[in-house]
Amino acid sequence: MVIKKDCKHKVEQEKRIVADMIALYCRKKHNSSELCPECKALTEYAFRRSELCPYKEEKTFCSQCKTHCYSSQMREQIRKVMRFSGPRMLFYHPIAALRHLYYSKIRS
């Protein structure tokens, strides 16, 4: 199976943003400079899900996907992270936050 370069770029970009959001959540909620075991497991899980995504060709954000491939427990955990980190991303990673707003709101 051949994956287009653009598709691979989207997956890598998504993984980077998810890792940043989980790191921010862990730093603020768990008062840790490094990822705690729970957040590290969530990051690894999110990376695996991104790699195995069946919609790589027309990749959107997982929240907008028609198929939810996260287990219910992990989906709830990532929702908590997104709710907390999402608004704060504008201060910690403004370019990534603005890019996300553009692709999720303006282009949809």
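Taken together, the values in this text are just the output of simple stated rules run on the coordinates, not laboratory data. Predicted model, so just to flag it, every value in this text is computed and none were measured. All Cβ positions, even for glycine, are placed from backbone atoms using ideal geometry, and neighbour counts span all protein chains on display.
The table that follows gives values for the structure above.
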{"quantity": "Residue 55 paired with residue 91, simple spin-label distance in nm, labels 7 Å along Cα-to-beta-carbon", "calculated": "3.2 nm"}
{"quantity": "For the chain, size of Cβ-based charge dipole, Lys and Arg +1, Asp and Glu -1, in debye", "calculated": "260 debye"}
{"quantity": "Cα gyration tensor category, rounded, prolate or oblate, for segment 48-103 with a/c compared to 1.5", "calculated": "oblate"}
{"quantity": "Helix-only CD estimate at 222 nm, as mean residue ellipticity for the chain, using -39500 (n - 2.57) per DSSP H run (n ≥ 4)", "calculated": "-21500 deg cm²/dmol"}
{"quantity": "Proximal lysines relative to residue 10, as straight alpha-carbon distance under 24 Å, when same-chain residues fewer than 8 apart are discounted", "calculated": "40, 56, 59, 66, 80, 105"}
{"quantity": "Theoretical gain in end-to-end length, residue 33 to residue 12 [0.36 nm per residue, Cα-Cα removed]", "calculated": "5.2 nm"}
